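Accompanying notes for the structure given below.
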Amino acid sequence: MPFRFTSRALSACVAAAAAAALGLGTAAPAQAAADPLRYVALGDSYSAGSGILPLDPSASLLCARTTKNYPNLLADRLGAELTDVTCGGAETKDFTTAQYPGVPAQFDALDADTDLVTLTIGGNDNGTFITAIVACGGLGVLTLGYGSPCKDAYGSKFSDDIAGKTYPAVKAALQEIKRRSPRAEVAILGYPWIVPQQSVRGCYLKMPIAKGDIPYLRGMQADLNAAVERAADEAGATFVDMAAASEGHDACRSSGTRWIEPLLFGTNVVPVHPNAAGEAAMADRAASVLRVG
């Protein structure tokens, strides 16, 4: 049947046209929800949460990445869209080259639309953490916890490497992140304290490091965090300082208090790394200083 243009239809059309001309009529559709924050997490095992279960099924087993690391916790808090490419054992060189077969260079995850980047990096460069902890632990066993055999053997080597090699590598990495993702806020976290300022009762059973080498390792970590902070300042990145927050939560403390698991008698698969409480604390600290979200 052909359409019959009745007077009622004509009136409706006239009214609709008038409403449109006046900007009236039916309500416009609600504004589309804002796009979620695009968040890329880079970094080493302290970012990956290596040693904490459950493992992230999307990650290579070699990375030992957990779904309870601080990037996941932070993304949940911010309602962000997370691309997590953190990987245990990462060095600054692994930002631009494949760390393992099937594990692309971490910088491949960055682009011009990235809004937020977080990372921890530098502890594995030059073997700083692994060499220091293993070497000092081994020497501490040989001396039954007395003296400062690690300091006597290595002197300023670790701190010299941090100043001469790690600092410029971290600074260059942060500058490259800024180049690839110019609009992103870039936040690099310092490392939570691994050992206390001085030996405490019962620490040797968990961390077999000679009494005189506890302040030596603490000083080395302070130098590393200072180098990371300097690199962040000079590259225009945000430094998330974990020093004050992690005081009293080192690997020598009791279960339930510590944020870092010890070499012996710990609860994590990977020793001398943050536990779930440590990762949560890192997420809290990062959230408190970020400008996004």
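The values are calculated or read from the model by the stated rules, or taken from the named source; none is laboratory data. Just so you know, these numbers come straight off a predicted model, no measurement behind them. FYI the Cβ positions are ideal-geometry reconstructions off the backbone, even for glycines, and counts take in every protein chain you see. Areas reflect the complete protein model, heavy atoms only, side chains present, ligands, DNA and RNA absent. Shrake-Rupley method; radii C 1.70, N 1.55, O 1.52, S 1.80 Å.
One residue stands out in the stretch 129-178 among those that are closer than 30 Å to T114 by Cα and open to solvent by 70 Å² or more (accessible area, probe 1.4 Å): the one that is farthest from the chain's Cα centre (by Cα), namely K165. Listed here are the helices (runs of 4 or more DSSP H) enclosed by the stretch 179-278 that have at least 1 residues being free of Cβ contacts under 8 Å to residues at least 24 places away in the same chain and crowded, with 17+ Cβ neighbours inside 10 Å: 214-235. Considering each residue of the stretch 39-53 in turn, none proves to be closer than 17 Å to A109 by Cβ, at pLDDT 95 or above and surrounded by fewer than 16 Cβ atoms within 10 Å (Cβ to Cβ).
Note on the stretch 102-131: residues that are touching a residue at least 60 places away in the same chain (Cβ under 8 Å), among the hydroxyl-bearing types (S, T, Y) and over 15 Å from T92 (Cα atoms) total 1. Filter the stretch 52-100 down to the residues that are small (G, A, S) and either touching an Asp or Glu at 6+ places or on another chain (Cβ under 7 Å) or in a strand (DSSP E or B) (or both) and list them by number. The answer is G88, G89, A90. When the stretch 101-125 is filtered for residues that are assigned to a helix (DSSP H, G or I) and in contact with a Gly (Cβ under 9 Å, 6 or more places away or on another chain), only Q106 remains. Of the residues making up the stretch 56-82, those that are open to solvent by less than 60 Å² (accessible area, probe 1.4 Å) and either free of Cβ contacts under 8 Å to residues at least 24 places away in the same chain or of a type outside the set (A, V, I, L, M) (or both) are D56, S60, C63, R65, T66, T67, N69, Y70, P71, N72, G79. A single member of A112, A59 is out of contact with any helix residue (DSSP H, G or I) (no Cβ under 6 Å at 6 or more places or on another chain) and either under 30 Å from M207 (Cβ atoms) or modelled with pLDDT under 95 (or both), and it is A59.
Residue pairs whose Cβ atoms lie under 8 Å apart, separated by 6 or more positions or on different chains, with the first residue in the stretch 132-149 and closer than 7 Å to D213 by Cβ and in a loop (DSSP other than H, G, I, E, B) and the second modelled with pLDDT of 90 or more and among the charged types (D, E, K, R), are S148/K211; S148/D213.
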